[in-house]
Amino acid sequence: MSLKTFHIVFVTVSVLLMLVIAAWNFGNYRDNGTQADLTWGVVSVIAAVGLLIYGKIFLRKFKNVSYL
Amino acid sequence: MDIPYTVNPRSDTGLYNAKVGIWLFLASEVMLFGAFFSAYILLRVTAQQGFWPDVADGWPHGLLNIPIGTFNTAVLISSSVTVVMAWMALKENNFPKFRNFMLFTVACALGFLGIKTFEYKEKFSHYVIRTTDGKVVTGHFDVDGKSPLFWTLDTVKSKNIEKLKVEVDIPNRYRFPVGMQVPEDIHKAHAEGRHHDERVIEVSQIDSLKAFIPSTHPFFAIYFTMTFLHGLHVLGGAIVLAYFTFIGTDLWRKNPEQFTNRIEVGGLFWHFVDLVWIFLFPVVYLL
């Protein structure tokens, strides 16, 4: 597995982490109504989307590099 | 004697030797960290209901600094992006660009370790105090304007201190897991910017005084073991990447392909270290 493939795995796991953090923050917001939790939840979703876009750009830029 | 297959792949594996070597090493690392993760989860699920220190065998939920942990996660994710960019710069034959990306990666590693050191220091000066009337509080105290580290009740007594002015923690909202409401008085205190209550405690009334160190609670034992082990990996990775950036650059002039492969191997290790943190952060800080 090349660094390219491992980086794709890494970005995928990072996106999942951001979604977990977002869910955790939204859960806290639901329970307590704290504005900061809502803000951090939205920031986490934006980070997840940003990482997805980055992943797509990365794949385009590294299309000539082997997955092995 | 030349080491074979440093650039070209072996016909049987389809990979150059260093890549096979790093993946074998990373497989052993998965087993090492996997054992600690298993230990953590077992300790977590077998802890009694309720929060430590109110419940002696409970779990000290929410005692870690989540905003700082989140920031450190962002630092490590950024460093993984730049290490790949550095490798790509070498493939494009652009050494100055490689060096810039590597400098950023090493700076991120040092930043991560600096923040972790701050977090550790904060824990070593954070105390759980049990009084003779059965009550228990957590908080910080100052002696001569400094927050003492690793003190015990014997240390306090040996210094002939009669009273401690303790900044007793008001539990933050992270102490209450998802699904549990924060009590109104605690909510109000934080909304007013009040995070501590100042309290004077007579030393003669203290039953025990312990810093947040590994021997205080199994959580701290596993937390410090896992994060320190991870920190050692970050330090090791930073040293190797810094070596390629500053000292080991002669190889780039002699054999650029081999140098590029070495950076790929370093990048694989760096990604593994960052991936461990991606799992460590939610498990230790949020669960």
Worksheet, complete the sentence: Taking the dipole of chain A about the Cα centre (Lys, Arg +1; Asp, Glu -1; charges at Cβ), the one of A:M1, A:G33, A:A23 that reaches farthest to the positive side is A:M1
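Trypsin sites (Lys or Arg not before Pro), restricted to the stretch B:183-261: which are DSSP loop and have at most 12 other Cβ atoms within 10 Å? Intermediate results must be reported in sequence, preceding the final value.
Details: sites: B:K188, B:R194, B:R199, B:K210, B:R253, B:K254; in loops: B:R194.
Of the trypsin sites (Lys or Arg not before Pro), the ones in loops of the stretch B:183-261 whose Cβ has at most 12 other Cβ atoms within 10 Å are B:R194.
Relative contact order for chain B using alpha-carbon pairs under 8 Å, separation at least 6, rounded to a whole percent?
Values: 333 pairs, mean separation 68.1, N = 287.
Answer for chain B is 24 percent.
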Discussion item. As a quick test, which of the pairs B:K19/B:K123; B:K116/B:K254; B:K116/B:K157; B:K121/B:K163 have an alpha carbon distance above 29 angstrom in this structure?
Written reply: B:K19/B:K123; B:K116/B:K254; B:K116/B:K157
Worksheet, complete the sentence: Quick calc of log₁₀ I(q)/I(0), the stretch B:127-211, Debye, one scatterer on every Cα, no solvent, q values 0.17, 0.22, 0.25 1/Å, result -0.75, -1.05, -1.22
Worksheet item: Among the aspartates and glutamates, which fall within straight-line cross-link reach of A:K61, defined as a Cα-Cα distance under 16 Å, with same-chain neighbours fewer than 8 residues apart omitted?
Response: B:E92
Fill in: Dipole of the protein assembly as shown, positive direction: furthest Cα of B:L32, B:L64, B:F246, with charges on the beta-carbon
B:F246
Worksheet entry | Rounded to 10°, Cα long-axis angle of helix A:35-61 versus longest principal axis of chain A | 10 degrees
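How about the stretch B:158-259: which GluC sites (Glu not before Pro) there lie in a loop by DSSP and see at most 13 other Cβ atoms within 10 Å? The partial results should precede the final answer.
Numbers: sites: B:E162, B:E167, B:E184, B:E192, B:E198, B:E202, B:E257; in loops: B:E162, B:E192.
Sparse-neighbourhood loop GluC sites (Glu not before Pro): B:E162, B:E192.
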Worksheet, complete the sentence: Quick numbers on chain A, Rg and Dmax over C-alpha atoms in Å, give 15.4, 50
Response to the item:
Projected onto the charge dipole of the stretch B:111-225 (unit charges on the beta-carbon of Lys, Arg, Asp and Glu, signs +1, +1, -1, -1), the Cα from B:V168, B:A191, B:G111 with the largest positive-side position is that of B:G111
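From the Cα trace of the stretch B:242-287, what convex hull volume per residue do you get, rounded to a whole Å³? Display every interim value, and only then the final one.
Details: hull volume 2.5 nm³, N = 46.
Cα-based convex hull of the stretch B:242-287, divided per residue, equals 54 Å³.
Can you give the local net charge around A:V11? Use residues other than it whose beta-carbon is closer than 15 angstrom to its beta-carbon, Lys and Arg +1, Asp and Glu -1. Numbers along the way, then the final one.
Numbers: positive: A:K4, A:K56, A:R60, A:K61; negative: B:D274.
Residues close to A:V11 contribute a combined charge of +3.
Using only Cα atoms, what is the ratio of the radius of gyration of the stretch B:1-128 to 2.2 N^0.38 Å?
Details: Rg = 21.4 Å, N = 128, 2.2 N^0.38 = 13.9 Å.
That works out to 1.54 for the stretch B:1-128.
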Discussion item. Please enumerate, by chain and number, the lysines with C-alpha under 19 Å from the C-alpha of A:K56, excluding those fewer than 8 residues away in the same chain.
Written reply: A:K4
Worksheet, complete the sentence: Given unit charges at Cβ for Lys, Arg (+) and Asp, Glu (-), the dipole magnitude of chain B about its Cα centre in debye, nearest 20, is 560 debye
Fill in: Derived scalar couplings ³J(HN,Hα) [the stretch B:156-164; Karplus, 6.51 cos²θ - 1.76 cosθ + 1.60; whole Hz; x for Gly, Pro]
4, 5, 5, 9, 6, 7, 9, 9, 10
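So which DSSP H runs in chain B come out at 30 Å plus along the axis (Cα) with average Kyte-Doolittle of at least 0.0? Each step should come with its number before you reach the end.
On the way: long enough: B:17-46 (44 Å, 1.34); B:66-91 (38 Å, 1.35); B:95-124 (43 Å, 0.40); B:218-242 (35 Å, 1.57); B:256-281 (37 Å, 0.65).
Correct list, ordered by number: B:17-46, B:66-91, B:95-124, B:218-242, B:256-281.
Can you give the direction-averaged projected area of the convex hull of the alpha-carbon atoms in chain B, in nm²? Before the final figure, lay out each step's value.
Working: hull surface 80.7 nm².
So the Cα hull casts an average projection of 20.2 nm².
Taking a quarter of the surface of the convex hull around the Cα atoms of the stretch B:139-287, what do you get in nm²?
14.0 nm²
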Worksheet item: When B:S78, A:S44, B:S215 are ordered from fewest to most other Cβ atoms inside 10 Å of their Cβ, what list results?
Response: B:S215, B:S78, A:S44
Item to complete: Taking chain A as the reference, fit the longest principal axis to its C-alpha atoms, fit the long axis of helix A:3-32 to the helix C-alpha atoms, and give the angle between the two in degrees, 0 to 90, nearest 10.
Response: 10 degrees
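Quick one: putting +1 on the C-beta of Lys and Arg, -1 on the C-beta of Asp and Glu, what dipole do you get for the protein assembly as shown around its Cα centre, in Debye to the nearest 20? Walk me through the intermediate numbers first.
Details: 31 positive and 28 negative charges, 252 e Å.
With Lys and Arg at +1 and Asp and Glu at -1, about 1220 debye.
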Practice prompt. For chain B, set up a Gaussian network in which alpha carbons nearer than 10 Å are linked by springs, and say which option among B:G193, B:G34, B:G266 fluctuates the most.
Written response: B:G193
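At 25 °C and 0.890 mPa s, grab the translational diffusion coefficient of the protein assembly as shown from Stokes-Einstein with a Kirkwood Rh over Cα pairs, rounded to a whole number in µm² per second. Write down the numbers at each step before the final one.
Numbers: Rh = 22.9 Å.
Estimated diffusion coefficient is 107 µm²/s.
All of the numbers you see were taken from the coordinates with simple rules; none came from a lab. In this text, all values refer to a predicted model and were calculated from it rather than measured experimentally. Every residue, glycine as well, gets a Cβ built from its backbone with ideal geometry; the counts of neighbours run over all protein chains shown.
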